[in-house]
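Data first, discussion second: the structure below is written as structure tokens.
The values are calculated or read from the model by the stated rules, or taken from the named source; none is laboratory data. In this text, all values refer to a predicted model and were calculated from it rather than measured experimentally. So basically every Cβ, Gly included, is an ideal-geometry build from the backbone, and we count neighbours across all protein chains shown.
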Amino acid sequence: MTLGDATVVVGGYTSNNDGDARGITGYRVEPTAEAVDMLELPVLAAESPSYLVSHPNGRWHYAVGEGDNSELTLFGVERDALRRGGSVRTGAAGACHLALTTDGTHIVVAHYTDGLVTSHRIGPDGAPGPVLGTHRFTGSGPDPDRQSVPHAHQVVPFGSEILVVDLGTDRIHRLALDSSGRFSESGHPIPVPAGSGPRHLVVDSTDRLIVACELSAQVLLLRHDGREWRVRDAVSATTSSRHCQPSAIRLRGDDVFVANRGPDTFAVLDLDRDEDSLTLLTEVPVAGRWPRDLVVHEDQVWVACERSDAVSVFRDAEELDEELGGADEDIEWLLDFRFASPSPACVLLVPRPDPSATPTRDG
């Protein structure tokens with residue numbers, strides 16, 4: 001997917017979460033000889049759509065709203081508009097993340113406020129169905145302000161399991177989801193150091209996980225030794241002395257990318273699989289405040305700067321070397337362009353739709 005073939009979809013915080021967004025916004029990317037124009041499409045109204053995902057079929061996309069009674073919404077992306085599909089309430093507060101099961105038949109939603117997950121079947125038209133199953137976690141952590149109760153922050157398909165990252169209890173829960181959409185515990189939770197506050201993780205392999213911890217400002221490398229999960233390495237996500245709350249984490253090859261709120265940077269760490277170690281390679285100011293999400297696409301890093309009402313886009317300097325006639329060796333990532341977007345919380349890059357594809361129903 002090239003820039004000219006993409007629609008950028010941004011979910012943002014609305015007034016119920018002290019944000020300025022009005023819902024889900026699409027931007028048609030129009031590269032020119034000298035710049036990149038971002039043509040804004042009409043906003044699709046939604047309450048604080050703070051996380052977005054795409055179905056593997058490329059036609060269905062989903063947003064979850066972070067409200068007192070959270071909503072799960074189907075939408076489609078056309079050249080000049082976003083089209084609303086079906087929506088359903090999740091019956092819980094503070095939905096902050098969602099994922100599709102590996103077979104693409106169900107959606108699982110994590111709720112930060114209520115500390116639980118819900119499951120929803122995907123209908124034949126892509127619309128999410130009502131709640132099928134729920135699973136509520138118990139426990140707490142040592143930080144009385146942030147860990148008095150469970151806070152489910154992310155759901156990640158992992159083989160036949162679903163991993164749930166729980167900031168409130170310093171655990172990564174392991175769940176199974178049956179064909180009827182009912183949850184069960186599939187194994188003992190994976191613990192991380194007390195007070196770490198795990199937020200998001202990426203899967204490297206069936207026996208290696210990399211976890212961004214919001215409360216300890218660390219990135220952890222976890223490895224399964226055949227009997228249990230162990231922390232093999234723990235490194236700071238930043239060199240800054242400012243209070244840091246890591247948020248999104250992404251993996252591209254041997255590079256781990258982490259967004260750092262507070263220092264307002266993204267860090268790039270080297271993953272050494274032979275040594276099971278992480279090394280901080282570089283840290284890049286994001287040209288904005290409070291980087292809540294980042295997406296790595298080919299030689300680009302897209303950063304949602306929530307408190308600057310902007311998305312910053314960086315390019316790998318090595319990839320630009322020929323174009324620039326020799327890049328500065330001390331510069332690894334260059335700010336390519338930046339565009340306004342109110343209170344952005346999540347970025348989704350969507351390839352241009354196939355004109356022959358059946359459009360998502362409007363309604």
### Message
Only one of Ala92, Ala63 is without any contact (Cβ under 8 Å) to a residue 60 or more places away in the chain, closer than 18 Å to Ser119 by Cβ and in a loop (DSSP other than H, G, I, E, B). Can you tell me which?
### Response
Ala92
## Note on the structure
Within region 135-156, residues surrounded by fewer than 17 Cβ atoms within 10 Å (Cβ to Cβ) and either within 17 Å of Leu72 (Cα to Cα) or among the β-branched types (Val, Ile, Thr) (or both) come out as Thr138, Val149
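Take region 157-172 and flag every residue that is of a type in the set (A, V, I, L, M) and crowded, with 24+ Cβ neighbours inside 10 Å.
Correct list: Ile162, Val164, Val165, Leu167.
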### Query
Going by the conditions given, is Ala234 outside the structural domain of Asp309 (by TED's automatic domain parsing), under 19 Å from the mean Cα position of the chain (by Cα) and among the small types (Gly, Ala, Ser)?
no
### Query
farther than 22 Å from Val202 by Cβ, out of contact with any Cys (no Cβ under 6 Å at 6 or more places or on another chain) and in a strand (DSSP E or B): does that describe His120?
yes
### Task
Answer with yes or no whether Leu269 is crowded, with 17+ Cβ neighbours inside 10 Å, assigned by TED's automatic domain parsing to the domain that holds Ala234 and at pLDDT 95 or above.
yes
### Summary
Residues of region 97-118 being surrounded by 20 or more Cβ atoms within 10 Å (Cβ to Cβ) and over 25 Å from Ser247 (Cβ atoms), in sequence order, are His106
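Limited to region 16-34, what total is found for residues that are in contact (Cβ under 8 Å) with a residue 40 or more places away in the chain and either out of contact with any strand residue (DSSP E or B) (no Cβ under 7 Å at 6 or more places or on another chain) or not assigned by TED's automatic domain parsing to the domain that holds Val155 (or both)?
If we filter region 16-34 for residues that are in contact (Cβ under 8 Å) with a residue 40 or more places away in the chain, which is where we start, we get 16-17, 19-22, 24-28.
From the residues that got through so far, the ones that are either out of contact with any strand residue (DSSP E or B) (no Cβ under 7 Å at 6 or more places or on another chain) or not assigned by TED's automatic domain parsing to the domain that holds Val155 (or both) too are 16-17, 20.
Here the count works out to 3.
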### Query
Looking at region 8-59, which of the residues that are within 14 Å of Ala304 (Cα to Cα) and hydrophobic (A, V, I, L, M, F, W, C) is surrounded by the most Cβ atoms within 10 Å (Cβ to Cβ)?
Val10
## Note on the structure
Exactly one of Gly115, Gly133, Gly126, Gly139 is closer than 30 Å to Arg28 by Cα and modelled with pLDDT of 95 or more, and that one is Gly126
### Query
Which one of these does Asp143 not meet: (1) in contact (Cβ under 8 Å) with a residue 60 or more places away in the chain; (2) touching a strand residue (DSSP E or B) at 6+ places or on another chain (Cβ under 6 Å); (3) not in a strand (DSSP E or B)?
(2)
